[in-house]
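What follows is a set of notes on a single structure, which appears directly below.
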Amino acid sequence: MTETLIDLKALLVEREDCDAGTVQQLRNALAQGGTQYRSLRDVADVLKKKLEGTTGTAAKRWYLKLGISRFFLGHLGDAVENLRQAEGALANFYLGRALLSRQEYDEALKAFDRAEKAGYTASQVNLQRVGIYRQKGDLTQARAVLGKLEELGSHNAEYHFQLASIHLAQGERPVAVRHLERAVELDPSHTGALFQLGHANDLAGNDEEAIGFYERCVNHPPVHVGALVNLGVLYEDNEKYDKAEDCFRKVLSANPTDDQARLFMKDAHASMTMYYNPEEEQTFSRFSQVLEIPVTDFELSVRSRNCLKKMNIRTLGDLTRVTEQQLLSSKNFGETSLSEIKEIMGTKGLHLGQSLEEGAQYDMRYRPKQPLSEQEQAVLGKPVSDLNLSVRARKCMNRLGINTLGDLVQRSGDELLESKNFGMTSLNEVREKLAQFGLSLRGD
C-alpha cells in the first residue's frame, strides 16, 4: 500500500498555528522522501510571498514558519534572518539550533536562554547547551549539565547522542558507539547519531555498514555537507561512480564555490569511463601486499631486528629502497645481518635496492642532517589526525599505516599517489595541511 504523502502546504500555509507538533509533522514529511524536499522548497517560496505587505502578529507567524522551513532546507543564513523576526519559545529554540550549526556559540546560548524563559522544555534546551559546551571544548561543563539529565537516558535519543559525543571527544570510541546505537534505537531519524555511526564504521573500514548509516543520515534533512562528501567518497571507493557524482553535485548545489567537491565530482565522472584490467589489478595487488609485509613477520636475529628498527625500516617495501652499502653503514650491521636480510628478500622475489633501480628515490630519513630540537620532535610526534584531513586522504593514511606527522613526512608525493583513490586533490590537501606546521613531504 502506497504511503500517503503529508501535505506540506496544508501544514505550513493553510494551518494557522505552528508548534512543536507542526515541526514533528514536517520531519515526518521529509522522511517520506520523494518530492517532499522540493515541496518544502515551493512552500518556502509561498511563505516568503505571504510576508509581503504583512505586519504585526501575522508577520511574526510567517517569519516563524519560513525560518523553520529554511532550517530544514539547510539554508541556515536565511533561517537565522527569519527566526530573528519571529518570537516565542519555538522561534528561539530553532534560532539557537541554526546558530549552533553555524558555530555561533555565544549567540546560540542567548537564543536557548530566551527559548527556556518563553516556556520551551528545559531538558531539551539543556541538551542543546551540552552540545555547545562540548563543541567549545569545555567537556567538564558539558558533563556537569548532562549529569543532571540522567533520567532522560531511558527514552531520549538526544541524551545518548550528547553522551556519545563526549565519549568520542575523550577517545572512548567503543562506549560512544553503544550510546549512538541506543540513540538510533530511540530515534531512527537522529541525523547526528546516524552520521557518527557512519563515521565510526568508515574509520574501521566497514564500508558497507558506513554507507548504510550515511544513506539513512542524508534521507533526513537538513542534510549536512560532510555526510554527502563522506558518502560520495565511499561510493567512489566501491565503484558506484554515478552515486558518487550525485553526492558531489548536491554538495556543489549547496556551496557552488566548494572546489574540493568539484574536483571529487570530476574524478568520479572520469572513473565511469576509466579502462580497467582485472589481471593487472590482481598482479599489482599481490605485489603491493608483498611489499607491505612487516619485517617483524620474519625470524630475524636480535642484531638485525634492532638495526632495522633504528633505521625506521618496517616493511619489505622499505628494504627495496635501500642499498647493501646503506645497510652496512649502520652501526652494528655487518655481513652476517646482510646475508640474513638478502635471504629473506630472495624468498619473496625481491632484492635490496630494487625500487632504486626502478627509478624510486630514497631519502636517508633515519639520518637527519642535524639533530632535531625538542619542539621539532614534538611537532613530528603529533598524530596525523591533527591535520583534519578529508575522508579520502584520511583513509590513505590508514592504509599506509601513517600515524604521526613524522611518519607522513617520510613519504614522498609519488608514494602517496600509489595508494588507491588518492589523487592530486588529496595530495595538494596534504601538502597544504603540512605547510601549516612548517613541514613538507619527502622530496618536496
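The values are calculated or read from the model by the stated rules, or taken from the named source; none is laboratory data. The structure presented is a predicted model; accordingly, all values stated were derived computationally and were not measured. Virtual Cβ from ideal backbone geometry, glycine too; neighbours counted across all protein chains shown. Only protein heavy atoms, including side chains, enter the accessible area calculation; ligands, DNA and RNA are left aside. Shrake-Rupley method; radii C 1.70, N 1.55, O 1.52, S 1.80 Å.
Structural remarks
- Just one of the listed residues (V125, V130) is farther than 26 Å from D17 by Cβ, part of a helix (DSSP H, G or I), open to solvent by less than 20 Å² (accessible area, probe 1.4 Å) and at pLDDT 95 or above, and it is V130.
- When residues of the stretch 395-410 are limited to those that are surrounded by fewer than 20 Cβ atoms within 10 Å (Cβ to Cβ) and among the charged types (D, E, K, R), the one nearest to E236 (Cα to Cα): R399
- Filter result for the condition that a residue is on the phi < 0 side of the Ramachandran plot, touching a His at 6+ places or on another chain (Cβ under 9 Å), assigned to a helix (DSSP H, G or I) and modelled with pLDDT of 95 or more, over F112, F161: F161
- Within the stretch 199-228, the set of residues being part of a helix (DSSP H, G or I), crowded, with 16+ Cβ neighbours inside 10 Å and in contact (Cβ under 8 Å) with a residue 40 or more places away in the chain comprises just one member, D202.
Results for (1) under 16 Å from S412 (Cα atoms); (2) at pLDDT below 80; (3) of a type in the set (D, E, K, R); (4) open to solvent by 20 Å² or more (accessible area, probe 1.4 Å), shown as yes or no for each residue.
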| site | (1), (2), (3), (4) |
| --- | --- |
| S329 | no, yes, no, yes |
| N332 | no, yes, no, yes |
| L338 | no, no, no, no |
| D363 | yes, yes, yes, yes |
| E376 | no, yes, yes, yes |
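- Residues located in the stretch 10-30, provided they are surrounded by 15 or more Cβ atoms within 10 Å (Cβ to Cβ) and either more than 20 Å from T191 (Cβ to Cβ) or among the small types (G, A, S) (or both): L11, L12, V13, C18, A29
- Those helices (runs of 4 or more DSSP H) lying entirely in the stretch 1-83 with at least 2 residues of a type in the set (D, E, K, R): 36-51, 56-73, 76-83
- The residue that is nearest to N398 (Cα to Cα), counting only those in the stretch 408-419 that are touching a Lys or Arg at 6+ places or on another chain (Cβ under 7 Å) and not in a strand (DSSP E or B), is S419.
- Within the stretch 84-104, the residues that satisfy the criterion of being part of a helix (DSSP H, G or I) and crowded, with 17+ Cβ neighbours inside 10 Å are A89, L90, A91, N92, F93, Y94, L95, G96, R97, A98, L99, L100.
- Qualifying residue in the stretch 434-443 (condition: within 17 Å of S390 (Cα to Cα) and under 19 Å from the mean Cα position of the chain (by Cα)): yes
- Per-region count, the stretch 133-157, residues touching a His at 6+ places or on another chain (Cβ under 6 Å) and open to solvent by 70 Å² or more (accessible area, probe 1.4 Å): 0
- Scanning the stretch 420-440 for residues that are open to solvent by less than 30 Å² (accessible area, probe 1.4 Å) and either of a type outside the set (V, I, T) or not in a helix (DSSP H, G or I) (or both) gives F422, G423, S426, L427, E429, L434.
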